[in-house]
Amino acid sequence: MPTLGCVSGTRAVIEKYNLCIQKKFGQNFLIDDSVLSKTVEAASVSKDDTVLEIGPGIGTMTQYIAEKAGKVIAIEIDKMLIPILSDTLSSYNNIKVINEDVLKVDINKIVQEENDGKPIKVVANLPYYITTPIIMNLLENELPIESITVMVQKEVADRIATSPGSKDYGALSLAVQFYTEPTMVQIVPPHCFIPQPGVDSAVIHLKCHKNPPVDVIDSKFMFSVIRSAFAQRRKTLSNGVANGNIGITRDQVVAALEQMNLNPSIRGEKLSLQDFATLSNILYSFIK
Ligand code: SAM
């Protein structure tokens, strides 16, 4: 039975270890049983699954995942938490904790070693200072992942769920659409954490596509086009891409936009995923 999804269990651990909560690592521990249960439920975790948890903290969500999963691999950067995790997770025999930075560790190698290369599920209450790089890394490296169910700042969930034309629309929205089908699971207010974050949070579920929804010759190239299109949001798409150091000139972008019957002075935020796929396929044909 989980012991930590409540104020008393979490306070007891903090006091026992005189734990200094590290703001620099984005440490906000969940204390709400229903939020934790609903998150793991949204991930549809079963005993057939190996789950990767990013940032187990003192082991709160880890306990909830371990109850349902076959195996949990938890990657935690803060070495001070490792002995605490040995204590709080001592009654489970299906958890492996790795003391590493998730942005530096080779997740592919972990999946090969721990799950024979078969797809895993990711479930986490993410550290908010690196939410976007973590999600982009998981998606763009095309790792064997079935789904990603994560707590993020509500503002990031809004950026993920948005459509062309909105101020929130950008590389993250497009990457999530290209690789997954996103759904919003729940909005989570600050009082569900110790310490309380300054913003609302949200749990999102990203079901990874077996095949991308658009045809792209080279997805890495398409994302370099997308990134340069949004790097300078106030610039036109053609200037942004030309300044992106990806070997494309302004004239080539203008020619491609004309082929697509789009205005050459259009901005990146107006293009859909399908538009970016077509644009990058045309640009690719110019340079290869
Ligand atoms: N899972 C716990 C919970 O729900 O209560 C804690 C979540 S807390 C928001 C984020 C966790 O991520 C912290 O334990 C923090 O130390 C860890 N973390 C921060 N940066 C990390 C990184 N680069 N790699 C791995 N873990 C990291």
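The values are calculated or read from the model by the stated rules, or taken from the named source; none is laboratory data. All of these numbers come straight from a predicted model, not from anything done at the bench. In this analysis, Cβ positions are derived from the backbone assuming ideal geometry, glycine residues included, and neighbour counts consider all displayed protein chains.
Just a yes or no: is a residue in the range 18-26 at pLDDT 95 or above, part of a loop (DSSP other than H, G, I, E, B), within 10 Å of the ligand (Cβ to nearest atom) and closer than 16 Å to Val150 by Cβ?
Checking the range 18-26: at least one residue is at pLDDT 95 or above, part of a loop (DSSP other than H, G, I, E, B), within 10 Å of the ligand (Cβ to nearest atom) and closer than 16 Å to Val150 by Cβ.
Residue by residue through the range 153-199, note down the ones that are in contact with a Leu (Cβ under 8 Å, 6 or more places away or on another chain) and aliphatic (A, V, I, L, M).
Hits for the range 153-199 are Val156, Ile160, Leu174, Ala175, Val176.
Please indicate, with yes or no, whether at least one residue in the range 86-97 is crowded, with 20+ Cβ neighbours inside 10 Å, more than 12 Å from the ligand (Cβ to nearest atom) and either closer than 20 Å to Lys38 by Cβ or of a type in the set (Phe, Trp, Tyr) (or both).
no
List pairs: first in the range 152-169 and assigned by TED's automatic domain parsing to the domain that holds Ala124 and of a type in the set (Gly, Ala, Ser), second at pLDDT 85 or above and buried (at least 18 other Cβ atoms within 10 Å of the Cβ), Cβ under 6 Å, 6+ apart or cross-chain?
Hits for this filter: Ala157/Ala202; Ala157/Ile204.
Does at least one position in the range 204-212 carry a residue that is among the basic types (Lys, Arg) and in contact with a Leu (Cβ under 8 Å, 6 or more places away or on another chain)?
Within the range 204-212, none of the residues are among the basic types (Lys, Arg) and in contact with a Leu (Cβ under 8 Å, 6 or more places away or on another chain).
Could you check the range 215-244 and list, in sequence order, the residues that are surrounded by 18 or more Cβ atoms within 10 Å (Cβ to Cβ) and aliphatic (A, V, I, L, M)?
Once the filter is applied, which keeps residues that are surrounded by 18 or more Cβ atoms within 10 Å (Cβ to Cβ) and aliphatic (A, V, I, L, M), the range 215-244 yields Val216, Met222, Val225, Ile226, Ala229, Leu237, Val241, Ala242.
State all residues of the range 32-54 that are under 20 Å from Pro189 (Cβ atoms) and within 8 Å of the ligand (Cβ to nearest atom); if no residue qualifies, say none.
Leu36
Any idea which residue in the range 63-72 is farthest from Val45 (Cα to Cα), counting only those that are within 12 Å of the ligand (Cβ to nearest atom) and either part of a strand (DSSP E or B) or of a type outside the set (Ser, Thr, Tyr) (or both)?
Across the range 63-72, the extreme among qualifying residues is Gln63.
Every residue, every condition in (1) at positive phi; (2) within 12 Å of the ligand (Cβ to nearest atom); (3) assigned by TED's automatic domain parsing to the domain that holds Phe193; (4) part of a loop (DSSP other than H, G, I, E, B), yes or no:
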position: Lys104; (1), (2), (3), (4): no, yes, yes, yes
position: Val111; (1), (2), (3), (4): no, no, yes, no
position: Glu114; (1), (2), (3), (4): no, no, yes, no
position: Pro133; (1), (2), (3), (4): no, yes, yes, no
position: Asn137; (1), (2), (3), (4): no, yes, yes, no
